[in-house]
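All remarks here apply to the structure that follows.
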Amino acid sequence: DTEVTQTPKHLVMGMTNKKSLKCEQHMGHRAMYWYKQKAKKPPELMFVYSYEKLSINESVPSRFSPECPNSSLLNLHLHALQPEDSALYLCASSQDWPKANYGYTFGSGTRLTVV
Amino acid sequence: DQQVKQNSPSLSVQEGRISILNCDYTNSMFDYFLWYKKYPAEGPTFLISISSIKDKNEDGRFTVFLNKSAKHLSLHIVPSQPGDSAVYFCAAKEAGNQFYFGTGTSLTVIP
């Protein structure tokens, strides 16, 4: 299995909703990432988990809450989001952090719309 | 300020000709570089890499060139095929740090 699987593919949520994005990989990778990508912009790093521990939080607002229940799963819990949080959310994994000399394996993303 | 820039948002090339995608970076500490390819509705997939100790890396039809003095990276695809039509991202990192991505170049290969 050489894939990163993200669910759901599309999500529309209101500003008072609570929802979660899920990411799964079975490649034995020990590092997992959440990225946010807006149209015509590069992916921006949000969080890095290494060996199931949060290693990097790029000053992300607390309305985004990551969770790594085990080495294969990464969740992103969403609460009280704003319309400007609408974006493509990409999950990625790599063999390790921060070396990652083979790059990251990305999922296909969750297209989030906040209304 | 963006540390990795792809100044051409799009490129069109005839099938069989060479495609050249360019990438510039500002951080002289970057020592590892990647190109990713992205099809619509899919995540980016790793294409080819190069470390700063080399100036060229080749994999089949794909060659990456690194000019450290100019802080410039390029991807050559020869010959270009319609299946190469996708968005190409370059990414760069320094040791112990995250990858920084460019904004992407959309390549269209015309049959």
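The values are calculated or read from the model by the stated rules, or taken from the named source; none is laboratory data. Every value quoted in this text rests on a predicted model; they were computed, and no experiment measured them. Here the Cβ is made from the backbone with ideal geometry for all residues, glycine too, and neighbour counts use every protein chain on show. Accessible surface areas use protein heavy atoms only, side chains included; no ligands, DNA or RNA. Shrake-Rupley method; radii C 1.70, N 1.55, O 1.52, S 1.80 Å.
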For the protein assembly as shown, what is the convex hull volume of its Cα atoms per residue in Å³?
123 Å³
Using θ = phi - 60° and the Karplus curve 6.51 cos²θ - 1.76 cosθ + 1.60, what whole-Hz ³J(HN,Hα) does each residue of segment A:58-67 get, with Gly and Pro shown as x?
7, 6, 7, x, 5, 5, 9, 10, x, 8
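Among DSSP beta bridges whose residues both lie in the protein assembly as shown, state the antiparallel percentage, nearest 5. Provide the component values of the computation, followed by the final result.
Numbers: 74 of 83 bridges.
Counting only bridges with both partners in the protein assembly as shown, antiparallel ones make up about 90 percent.
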In segment A:73-112 the accessible area split gives carbon plus sulfur, as whole percent at 1.4 Å, a share of 50 percent
Tell me which lysines have Cα within less than 22 Å of residue A:22's Cα, excluding those fewer than 8 residues away on the same chain?
A:9, A:36, A:38, A:53, B:38
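So how much accessible surface do B and A hide from each other in total, probe 1.4 Å, in square angstrom to the nearest 100?
1400 Å²
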Could you name every residue in segment A:60-106 that has 20 Å² or more less accessible surface in the full protein assembly than in its own chain alone (probe 1.4 Å, ligands and nucleic acids excluded)?
A:97, A:98, A:101, A:102, A:103, A:104, A:106
In whole Hz, with x marking every Gly and Pro, tabulate ³J(HN,Hα) for segment B:50-55 from phi via Karplus 6.51 cos²θ - 1.76 cosθ + 1.60, θ = phi - 60°.
8, 9, 6, 7, 10, 10
Strictly under 4.7 angstrom between C-beta atoms: which cysteines of chain A have no such partner?
A:68
Could you work out what % of the accessible surface of segment A:1-71 is carbon and sulfur, using a 1.4 angstrom probe and leaving DNA, RNA and ligands out of the count?
48 percent
Enumerate by residue number the chymotrypsin sites (Phe, Trp or Tyr not before Pro) in segment A:11-113 meeting two conditions: DSSP loop (anything except H, G, I, E, B), and at most 13 other Cβ atoms within 10 Å of the site's Cβ.
A:51, A:102
Leaving out same-chain residues fewer than 8 places away, which aspartates and glutamates sit with a Cα under 19 Å from that of residue A:99?
A:44, A:52, A:58, B:31, B:94
Considering protein heavy atoms only and a 1.4 Å probe radius, which residues within segment B:92-111 exhibit an accessible-area decrease of no less than 20 Å² in the full assembly relative to the chain by itself?
B:93, B:96, B:98, B:99, B:101, B:103
Tally up the carbon and sulfur contribution to the accessible surface of chain B as a whole percent, 1.4 Å probe, everything protein left in place.
50 percent
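What whole-number value in Å² describes the accessible area per residue of the protein assembly as shown for a 1.4 Å probe?
On the way: 10960 Å² over 226 residues.
Here the residues of the protein assembly as shown average 48 Å² of exposed surface.
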